[in-house]
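Notes to accompany the following structure.
What follows is calculated from the coordinates using simple rules that are stated; it is not laboratory data. Here the structure is a predicted model, which is why all the values come from computation and not from measurement. Positions of Cβ are generated from backbone atoms using ideal geometry, with glycine treated the same way; all protein chains shown enter the neighbour counts.
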Amino acid sequence: MNKKTIAGVFAALFLLLSLLPAAGMLLSRQSVAAANETLSQPPKLLNPAGKVNLSVLKDTTDYIADHFFLRNELVNAWAALNAAVFKTSSEEQVLLGSDGWLFYASTLDDYMGRGMSDTELKRAASNLALIQESVESRGAKFIFTIAPNKNSLYPAQMPAFVPSAHETANAERILPYFASAGIHYRDLFSVFRERGEVLYYKTDSHWTDLGAALAADSIMDAFGKHVAYYGKEFSLSSEHRGDLYEMLFPTGKGTETAHSYADFSYSAAGNPNGGNAMRIETANEGAEGTLLCWRDSFGISLYPYLADSFGRALFLRSSSYDLTEIEALQADHVLIELVERNLDWLIRNVPVMAAPQRKVELTNAVFSDQIVHADAKTDSKHDLVYVSGELVFPYDGGAVYLCAGEASYEAFVTESNGKWFFHAYLAPEQSEGLDYLCVETDSALMCYSLQMK
């Protein structure tokens with residue numbers, strides 16, 4: 001075989017291999033998303049408004065990149081090569097630990113002590129205190145708890161080159177602010193550390209069913225309802241496929257041993273979708289009390305134990321809290337569960353709740369010439385007026401009030417891209433005549449003229 005023939009064969013093979021991923025899309029099923037991955041949708045020539053989609057070429061490129069033939073198999077092979085040879089992860093969201101442990105990369109800031117500022121932590125606790133006050137004003141018990149990041153509990157399995165400074169992480173530094181604000185906080189970090197056994201999956205970012213049972217026992221104890229799911233008999237299986245493993249090895253077959261408890265008495269309305277449903281309603285005739293719980297993905301394995309412990313329960317997978325759900329459910333217990341890595345959501349999202357009325361003494365206040373502007377929008381769903389605006393001055397986390405004559409209302413405060421914003425849901429008559437925005441500082445009560453847009 002001469003050189004030209006050999007070159008032609010190699011060129012043909014190269015062309016075939018280059019075309020195979022795209023051509024295979026016509027002959028095989030589409031690639032499926034791995035773990036919490038979101039794949040691009042098919043490109044469309046027209047946008048929802050019926051006009052030409054100017055991004056159709058980019059959309060096509062993104063779609064092919066996410067769906068080409070054997071994509072997941074090639075991703076899996078590349079990940080296996082990197083893990084075996086270079087001891088590194090090919091998936092930026094997954095960190096390789098020791099002895100087969102995998103960690104969520106988004107928890108690194110907490111693990112290394114790079115987190116929220118003191119002002120942000122103070123404000124997060126103050127926001128939570130407003131939520132707690134609103135819950136308790138309705139006669140319900142309130143508990144807030146943090147689901148620990150896996151590497152906060154099991155640092156020994158983290159890579160040695162990553163320095164640990166959890167003592168300066170958000171979940172540790174916010175505790176004095178919780179205490180100062182009177183937050184009813186259930187500390188799951190201590191509960192898990194005292195147990196002294198591994199209660200998180202090696203290849204998953206979450207606690208095991210046994211860990212969820214321990215967390216549920218502790219939360220129920222905080223509510224004054226004593227249960228003991230952790231001490232019950234659990235069955236074992238080897239079928240759990242971790243979310244981090246799926247992200248790194250989308251076609252991998254690896255599983256790990258899982259504990260499972262199934263002796264529950266509650267029933268669920270509709271389809272809980274394995275605990276992934278955004279709204280899960282449950283009932284148990286053999287239990288008492290009504291629970292309203294806001295939770296995240298840690299609630300997937302947590303909610304069955306809580307559902308089994310209450311006569312009625314509603315579990316909402318949401319990062320913003322609509323406290324009007326309390327009246328709708330007639331809840332007498334309210335729980336907010338939030339994973340450690342998302343603790344800053346307490347200053348990112350605005351709950352739906354009537355701003356509490358305060359008595360603000362303006363006699364010794366310091367009045368500034370600076371003007372603060374605010375928007376007012378009618379929230380017809382809740383029959384409230386939503387007032388919001390930016391705090392256009394240095395802010396240190398103090399209480400913020402909207403004042404109308406002798407009436408004052410404390411606002412919720414959030415932060416975004418280094419800017420601070422105030423938010424208040426008011427009755428229509430309360431939103432009329434707002435003339436000042438006042439802020440508590442260490443030295444004085446500062447007041448600014450408030451102009452509604």
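For the range 139-279, what's the relative contact order in percent, using C-alpha pairs closer than 8 Å and at least 6 residues apart? It would help to have the intermediate numbers written out before the result.
Working: 141 pairs, mean separation 29.1, N = 141.
Averaging sequence separation for qualifying contacts and normalising by length gives 21 percent for the range 139-279.
Among rounded, prolate and oblate, which fits the range 357-452 when a ≥ b ≥ c are the square roots of the eigenvalues of its C-alpha gyration tensor, a/c under 1.5 means rounded, and a/b larger than b/c means prolate?
Working: a/c = 1.84, a/b = 1.28, b/c = 1.44.
Cα axes put the range 357-452 in the oblate bin.
Among Glu136, Glu429, what is the fewest-to-most ranking by other Cβ atoms within 10 Å? Walk me through the intermediate numbers first.
Numbers: Glu136 13, Glu429 10.
Neighbour counts put them in this order, fewest first: Glu429, Glu136.
What ³J(HN,Hα) values, in whole Hz, does the Karplus curve 6.51 cos²θ - 1.76 cosθ + 1.60 give for the range 307-323 when θ = phi - 60°, with x put for Gly and Pro?
Going residue by residue, I get 4, 6, 9, 10, x, 9, 8, 10, 10, 10, 9, 8, 9, 10, 10, 9, 6 Hz, with x marking Gly and Pro.
For Ala427 and Glu239, what does the FRET efficiency come to when R0 = 51 Å and r is the distance between their Cβ atoms, rounded to the nearest 0.05? Intermediate values should be presented prior to the final figure.
On the way: r = 53 Å, r/R0 = 1.04.
Rounded to the nearest 0.05, the efficiency is 0.45.
Can you pull out the trypsin sites (Lys or Arg not before Pro) in the range 213-296 whose DSSP state is coil and whose Cβ has at most 14 other Cβ atoms within 10 Å? Intermediate values should be presented prior to the final figure.
On the way: sites: Lys225, Lys232, Arg241, Lys253, Arg279, Arg295; in loops: Lys225, Lys232, Arg241, Lys253.
Hits after loop and neighbour filter: Lys232, Lys253.
Relative contact order for the range 102-347: what is it in percent, counting Cα pairs under 8 Å that are at least 6 residues apart?
Numbers: 434 pairs, mean separation 59.6, N = 246.
Once divided by the residue count of the range 102-347, the mean separation gives 24 percent.
Run the numbers on the range 323-391 and let me know its relative contact order in percent, using alpha-carbon pairs under 8 Å that are six or more apart. Before the final figure, lay out each step's value.
Details: 31 pairs, mean separation 16.1, N = 69.
Normalised by residue count, the contact order of the range 323-391 is 23 percent.
Fully extended, how many nm does the chain gain between Arg173 and Asp322 (0.36 nm per residue separation, minus their Cα-Cα distance)? Provide the component values of the computation, followed by the final result.
Values: separation 149, 0.36 × 149 = 53.64 nm, distance 2.73 nm.
Here the answer is 50.9 nm.
With the Cα gyration tensor of the range 102-347 giving a ≥ b ≥ c as the square roots of its eigenvalues, does the rule (a/c under 1.5 for rounded; else a/b larger than b/c for prolate; else oblate) give rounded, prolate or oblate? List each step's numbers first, then the result.
Values: a/c = 1.75, a/b = 1.08, b/c = 1.61.
It comes out oblate by the Cα gyration axes.
What nm distance separates the two modelled labels at Ser449 and Lys377, each placed 7 Å from Cα along Cα→Cβ?
Spacing of the two 7 Å Cα→Cβ label points: 2.7 nm.
Between Glu406 and Ala105, what FRET efficiency comes out of the Förster formula 1/(1 + (r/R0)^6) with R0 = 60 Å and r the beta carbon distance, rounded to 0.05?
On the way: r = 52 Å, r/R0 = 0.87.
The computed FRET efficiency comes out at 0.70.
Under a straight-distance cross-link criterion of Cα-Cα below 29 Å, which lysines are reachable from Lys359, leaving out those fewer than 8 residues away in the same chain?
Lys122, Lys141, Lys377, Lys381, Lys419, Lys453
If you rank Phe178, Phe144 by fewest surrounding Cβ atoms within 10 Å, what's the result? Intermediate results must be reported in sequence, preceding the final value.
Working: Phe178 19, Phe144 22.
Arranged by neighbour count, lowest to highest, Phe178, Phe144 become Phe178, Phe144.
For each of His333, His166, His382, count neighbouring Cβ atoms within 10 Å of the residue's Cβ, then give the residues from fewest to most. Intermediate results must be reported in sequence, preceding the final value.
Values: His333 24, His166 20, His382 15.
If I rank by nearby Cβ atoms, fewest first, I get His382, His166, His333.
When ranked by the protection proxy of mean other Cβ atoms within 10 Å per residue, highest first, what sequence do the peptides 208-216, 280-288, 420-428 form? Write out the running numbers ahead of the final one.
Numbers: 208-216: 24.6, 280-288: 16.3, 420-428: 20.7.
My ranking of the peptides, most packed first, is 208-216, 420-428, 280-288.
List the residues, sorted by chain then number, that are 5 or more residues from Val352 or on another chain and whose placed amide H is less than 5 Å from its amide H.
Tyr321, Asp322, Leu323
Give me the number: length gained by fully extending Leu46 to Ser297, i.e. 0.36 nm times residue separation minus the C-alpha to C-alpha distance, one decimal in nm. Show your work: numbers first, answer last.
On the way: separation 251, 0.36 × 251 = 90.36 nm, distance 3.56 nm.
Extra length available between Leu46 and Ser297 comes to 86.8 nm.
Near Lys202, which lysines are there with a Cα under 19 Å away, not counting those fewer than 8 places off in the same chain?
Lys87, Lys150, Lys253
Which cross-chain or sequence-distant (5 or more) residues have an amide H under 5 Å from the amide H of Asn53, H modelled 1.01 Å from N in plane?
It is Leu46, Asn47, by chain and number.
Of the GluC sites (Glu not before Pro) in the range 181-235, which ones lie in a loop per DSSP and count no more than 11 other C-beta atoms within 10 Å? Each step should come with its number before you reach the end.
Numbers: sites: Glu194, Glu197, Glu233; in loops: Glu197, Glu233.
Those that pass, being in a loop and sparsely packed, are Glu197, Glu233.
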